[in-house]
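I have placed the structure first, in the form of structure tokens, so that the comments after it can refer back to it.
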Amino acid sequence: MKTSSAWSWWVGIAGSACTGTSTSTCIVDLGTAPPAGEHVVSLIATDAKEHTALLEVTYSVPPPGSAPVIDTQTASHSGSTFKVTGTAHDVDNDLNKVELAVVGIAGATACTGTASYSCSLSTTGWAAGSYTATVIAFDVDGHAASADVGFTIAAKATCVTAKNSAHHWGPGALRRVLYDQRVRQRHQPVPGLRHRVV
């Protein structure tokens, strides 16, 4: 549908107005502040022949208050346990919970504590390689802050038990075997030879 100077926009909310046609600017008076979350505003364009077009615009209203802040984090991986400890705060004093999530691993692990937190999870069965863990702090209003930390799971060494026949015989070992054979041959009795006792 071709636009023209005969187009007009209507928002559908009292106290709202749009200016322009091909390029329009709409000022929407929402009155009282809407609740936190996503909301939709419908824009209806009408031309001189009463043809209309509908455009829906989604906007988000953030929760009131300030988001948490993750101050410190220290990570360690020992055996099959990955652990992160640290501190966080919220200027509104409404820090609610801290969680730990790992990229590529489903689910999140609840941490112990908030202002001073401790998170741990088992890495049993995880493949060797590099991972990224994310610490997420939430307040009671739903604000969140996150911080990433990386760790690596090393490949396990493979133990192979070889048979004696597969062992390498070095020159020293070979000389020892030949020496033992000569000693045994030297002390063997000669058939038919009588020994005289002096």
Among the residues of segment 80-87, are any modelled with pLDDT of 95 or more and touching an Asp or Glu at 6+ places or on another chain (Cβ under 6 Å)?
yes
Please identify the pairs in which a residue from segment 32-56 that is farther than 13 Å from Cys18 by Cα has its Cβ atom under 8 Å from the Cβ atom of a residue that is assigned to a loop (DSSP other than H, G, I, E, B) and modelled with pLDDT of 80 or more, counting only partners at least 6 apart or on another chain.
Ala36/Asp141; Ala36/Gly142
I'd like to check something: does segment 106-122 contain any residue that is outside the structural domain of Ile27 (by TED's automatic domain parsing), over 30 Å from Ile27 (Cα atoms), part of a loop (DSSP other than H, G, I, E, B) and of a type outside the set (Gly, Ala, Ser)?
yes
Somewhere in segment 38-48, is a residue closer than 25 Å to Lys97 by Cβ and either in a loop (DSSP other than H, G, I, E, B) or modelled with pLDDT of 75 or more (or both)?
yes
Among the residues of segment 67-86 satisfying the criterion of being surrounded by 15 or more Cβ atoms within 10 Å (Cβ to Cβ) and not hydrophobic (A, V, I, L, M, F, W, C), which is nearest to Phe151 (Cα to Cα)?
His77
Which one of these is surrounded by 13 or more Cβ atoms within 10 Å (Cβ to Cβ), out of contact with any Gly (no Cβ under 9 Å at 6 or more places or on another chain) and under 30 Å from Thr158 (Cβ atoms): Ile105, Ile136?
Ile105
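In segment 123-141, how many are of a type in the set (A, V, I, L, M, F, W, C) and assigned to a strand (DSSP E or B)?
Initially, segment 123-141 is screened for residues of a type in the set (A, V, I, L, M, F, W, C), giving 126-128, 133, 135-138, 140.
Subset that is assigned to a strand (DSSP E or B): 133, 135-138.
Matching residues across segment 123-141 total 5.
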Name the residues in segment 75-105 that are of a type in the set (A, V, I, L, M), within 17 Å of the chain's Cα centre (by Cα) and not in a loop (DSSP other than H, G, I, E, B), would you?
Ala75, Val84, Val98, Leu100, Ala101, Val102
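Being exposed (fewer than 10 other Cβ atoms within 10 Å of the Cβ), over 32 Å from the mean Cα position of the chain (by Cα), over 30 Å from Lys156 (Cα atoms) and not hydrophobic (A, V, I, L, M, F, W, C) narrows it down to one residue among Thr25, Thr58; which is it? Don't jump to the end; show me each part of the working.
Values: Thr58 fails: over 32 Å from the mean Cα position of the chain (by Cα).
After applying the criteria, what remains is Thr25.
The values are calculated or read from the model by the stated rules, or taken from the named source; none is laboratory data. Every value quoted in this text rests on a predicted model; they were computed, and no experiment measured them. Backbone-built Cβ (ideal geometry, glycine too); neighbour counts: all protein chains shown.
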